[in-house]
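J.: Here it is, the structure, as structure tokens.
The values are calculated or read from the model by the stated rules, or taken from the named source; none is laboratory data. Predicted, not measured: the structure shown is a model, and the values here were computed from it. Don't worry about glycine lacking a Cβ; one is built from the backbone with ideal geometry, like all the others, and counts go over all protein chains shown.
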Amino acid sequence: MSLFKQLWLAFICILTLVFGASFVVSSLSTKHYLEQQLFIKNSDNASALALSLSQQDADPVLLELTLAAQFDTGHYQKIELVDPEGKLLLRREDTDPITEAPQWFINLLPLEVSPGIAQIQQGWQQLGTLSLYSHSRFAYQELWKSSQQLALVFLAAILLSGLISSYLLSHILRPLGAVVSQAKAIGERRFITIEEPRTKEFRQVSRAMNTLSQRVQQALHKEAARLEKWRRDSQIDGVTSLLSREAFMQNLASLLENDNDNASGTLSLVRLEGLAELNQRFGHSTIDELLGDIGSAIRSMIGHRSDWQASRLNGSEFALIAPRTTDPESVATKLLNAISGALEARNMRKEVNLPCASTSYAYQESPSQLLTRLDSALITASREDSSTINVIQASNLPLLPVRDQISYWKNLLEQAFKEQKFSLDYYPVVDRERKLMHLEAPARLLITKDERLSAAVFLPWIKRLKMSAELDQHIIDLALKHIAVYNEALCINLSAGALIDPNFPLWLSTRLESTKEHSGNLWLELPEPAAFRHLEAFKRLTARVKVFGCKVGVEHVGHQLANIGQLHDLGLDYLKVDAFLIRDIDSNPANQTLLRTLCTVGHSIGLSVIAEGVRNLDEWHQLEELGIDGCTGPGVTKFSKLS
């Protein structure tokens, strides 16, 4: 029960007791007063009437007429006249019920009034005794009226006191609303801080919770810094601050295996020919500084593209992977210009030849195929006297003009939306006991009866053509229909386009409101780059869907660990760790340390940590030891056989 309701009940109970006591005291006092007044009236009237009758010579007819006339005035309930021997001579009595007050009220407060008694005489002779009872209806009428007025006064007092107290209490307890909201937020794993209220008791509670939230935030930022340091130590080249070869290859393999929009794009490779000679001429330290400048130039070039990744593959080769791009030559030109700029700044551009190769990659290609293709193209480019870019395509990836590709995909996707050709695939995510947590549901596009395109093929074009929000809406509808039929937890990947679309949150709320009974089985997740790039929009969307019981998470976690402290006030339910950190985790001590710490950080704020891309039982056993709560990947469907 709310505090306001309790306050109203307290006021009603207290004032009811006060009213009851006042009613009893007032009613008894008034009753006693009226009884006295009626007795005095009875006595006075009886004496006056007896005196009048004593002067009428004891004529029986005249006595009767006089008493009847007196009774007919309506002020008397009963008049009796008895002779000296006690024989009734005359009686007039009003037997009509009293209507001036309710009967229960009359029974509750009966008026006990003694009659007025007087002697009728003729000289010294006593003719009879007159008893006179004044009617009590007027007394009851006055008593009932005063009781009603008292009740109305107390009712008005209750209402007025309640309203004034409610207003004062709402003002006094206004800071309590912020404290309650903060407590709810902490319960929802959103560690926020609020301004401390002035009220001493509330200030103490708020200060304690602010301290808790601040400690969690500080711990998260501290652990995020440690995670980032370990990531850099294990994955970053010390000279250029780019990805090391091993980390880059893990990333590349993960991209090619993930069925999402990053599974297609371009890969470029630039070689610094003559690096050994430069070392001899300028010295090792100078060349290291040059390589550091090249790394800075490349990082600056890809700084606003969180999904682009660059690496120093070996002493003289630099690679750049650019997901969702369709123009290999344009990407390679950017990479070549960044490196050339660093060389020109040190007046070494003429000393170095920069052969460059670039190619497109597609879902489920192998890293070795890509690098073999690039190496072949790089040999061809190095035969040229000046720096050239050699673009090579795989035999199964025809290079069409961009305009033709856009026209083709636009027509195909518009037709697919019109004819409802999108569907879902289902892949299990299991917990530590290998029980189903939820099903991942990537989108598929039906081309023919027997051919379906994976998300990795059409999602890049969905984004380029700005159809992301429309696809997200369509997929959520498909997911809710599946949940309604099978009652299974289903996970949908949202796009950044859904976050930045101003109409999407309202549409989603309306749809979830109409399917409340199924919304609790809907899991929504966003890729790590999009979550941090649109953090405020992500917070608003998370708060909106949490009302309906949806679970929210971040997928492909591991590339921006330095920012993980920013998740303290989102109220997330889980994190999915990118497959590049999971690959060969059973033989990678550096990634084991990083994942163990990531699990500790996630668990400290109530998040489940799920591994992506688990391929075999050895990886899963190692992940169990590290504290992972669940896993998904190609090996999950084999667990029943492997165990």
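J.: Which residue pairs have Cβ atoms closer than 8 Å, lie 6 or more positions apart in sequence or on different chains, and pair a first residue in segment 54-68 that is assigned to a helix (DSSP H, G or I) with a second residue that is among the β-branched types (Val, Ile, Thr) and at pLDDT 65 or above?
T.: Once the first residue is assigned to a helix (DSSP H, G or I) and sits in segment 54-68, its partners that are among the β-branched types (Val, Ile, Thr) and at pLDDT 65 or above give SER54/ILE120; LEU63/ILE120; LEU67/ILE79.
J.: How many residues does segment 113-143 hold that are surrounded by 21 or more Cβ atoms within 10 Å (Cβ to Cβ) and either among the β-branched types (Val, Ile, Thr) or part of a helix (DSSP H, G or I) (or both)?
T.: So the answer is 4.
J.: Restrict the check to segment 183-191 and report whether at least one residue is closer than 18 Å to LEU561 by Cβ and among the charged types (D, E, K, R).
T.: Step one: filter segment 183-191 for residues closer than 18 Å to LEU561 by Cβ, giving none.
No, because not a single residue in segment 183-191 is closer than 18 Å to LEU561 by Cβ and among the charged types (D, E, K, R).
J.: Say we look at segment 157-185 and pick out the residues that are under 29 Å from ASP573 (Cα atoms) and surrounded by 17 or more Cβ atoms within 10 Å (Cβ to Cβ); which of these is nearest to the chain's Cα centre (by Cα)?
T.: Going through the qualifying residues, I end up with ALA185.
J.: Under 6 Å between Cβ atoms, at least 6 apart or on separate chains: pull out the pairs that start in segment 242-262 with a residue that is within 14 Å of LEU581 (Cβ to Cβ) and end on any residue that is among the hydroxyl-bearing types (Ser, Thr, Tyr) and in a loop (DSSP other than H, G, I, E, B).
T.: Sorted first by the residue in segment 242-262, then by its partner, the list stays empty.
J.: Please verify whether ASP618 is of a type outside the set (Val, Ile, Thr), on the phi > 0 side of the Ramachandran plot and either over 30 Å from the mean Cα position of the chain (by Cα) or buried (at least 24 other Cβ atoms within 10 Å of the Cβ) (or both), treating the condition exactly as stated.
T.: In short, no.
J.: Name the single residue, out of those in segment 437-462 being among the basic types (Lys, Arg) and assigned to a strand (DSSP E or B), that is surrounded by the most Cβ atoms within 10 Å (Cβ to Cβ).
T.: ARG444
J.: Has segment 249-270 got at least one residue that is surrounded by fewer than 17 Cβ atoms within 10 Å (Cβ to Cβ) and either within 22 Å of LEU370 (Cβ to Cβ) or in contact with a Cys (Cβ under 9 Å, 6 or more places away or on another chain) (or both)?
T.: No; the residues of segment 249-270 include none that is surrounded by fewer than 17 Cβ atoms within 10 Å (Cβ to Cβ) and either within 22 Å of LEU370 (Cβ to Cβ) or in contact with a Cys (Cβ under 9 Å, 6 or more places away or on another chain) (or both).
J.: Where residues in segment 187-199 are charged (D, E, K, R) and either crowded, with 16+ Cβ neighbours inside 10 Å or at pLDDT below 75 (or both), which of them is farthest from the chain's Cα centre (by Cα)?
T.: By that ranking, first place goes to ARG198.
J.: Out of segment 487-502, which residues are surrounded by fewer than 16 Cβ atoms within 10 Å (Cβ to Cβ) and modelled with pLDDT under 90?
T.: Listed by number, the residues that qualify are ILE500, PRO502.
Residue-wise test of (1) among the hydroxyl-bearing types (Ser, Thr, Tyr); (2) buried (at least 18 other Cβ atoms within 10 Å of the Cβ); (3) assigned by TED's automatic domain parsing to the domain that holds SER296.
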site: ARG203; (1), (2), (3): no, no, no
site: ARG207; (1), (2), (3): no, no, no
site: HIS221; (1), (2), (3): no, no, no
site: ALA224; (1), (2), (3): no, yes, no
site: GLU246; (1), (2), (3): no, no, yes
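J.: If you check ARG583, ARG533, which single one turns out to be in contact with a Lys or Arg (Cβ under 9 Å, 6 or more places away or on another chain) and within 25 Å of GLU257 (Cβ to Cβ)?
T.: ARG583
J.: GLY315: on the phi < 0 side of the Ramachandran plot, among the small types (Gly, Ala, Ser), free of Cβ contacts under 8 Å to residues at least 40 places away in the same chain and surrounded by fewer than 20 Cβ atoms within 10 Å (Cβ to Cβ), yes or no? First the steps, then the outcome.
T.: Working: on the phi < 0 side of the Ramachandran plot: yes; among the small types (Gly, Ala, Ser): yes; free of Cβ contacts under 8 Å to residues at least 40 places away in the same chain: no; surrounded by fewer than 20 Cβ atoms within 10 Å (Cβ to Cβ): yes.
The answer is no for GLY315.
J.: Scan segment 408-429 residue by residue and report those that are in a helix (DSSP H, G or I) and either surrounded by 12 or more Cβ atoms within 10 Å (Cβ to Cβ) or touching a strand residue (DSSP E or B) at 6+ places or on another chain (Cβ under 6 Å) (or both).
T.: TYR408, TRP409, LYS410, LEU412, LEU413, GLU414, ALA416, PHE417
J.: Is it the case that some residue within segment 502-525 is over 19 Å from the mean Cα position of the chain (by Cα) and on the phi < 0 side of the Ramachandran plot? Show your work before the answer.
T.: Start the filter on segment 502-525 by keeping residues that are over 19 Å from the mean Cα position of the chain (by Cα), which leaves none.
No, every residue in segment 502-525 fails to be over 19 Å from the mean Cα position of the chain (by Cα) and on the phi < 0 side of the Ramachandran plot.
J.: Quick one: would you say ASP472 is acidic (Asp, Glu) and within 29 Å of VAL430 (Cβ to Cβ)?
T.: On the way: acidic (Asp, Glu): yes; within 29 Å of VAL430 (Cβ to Cβ): yes.
So ASP472 fits the description; yes.
J.: Related question: Among LEU567, LEU572, LEU598, which is of a type in the set (A, V, I, L, M, F, W, C), in a loop (DSSP other than H, G, I, E, B), buried (at least 20 other Cβ atoms within 10 Å of the Cβ) and in contact with a Leu (Cβ under 8 Å, 6 or more places away or on another chain)?
T.: LEU572
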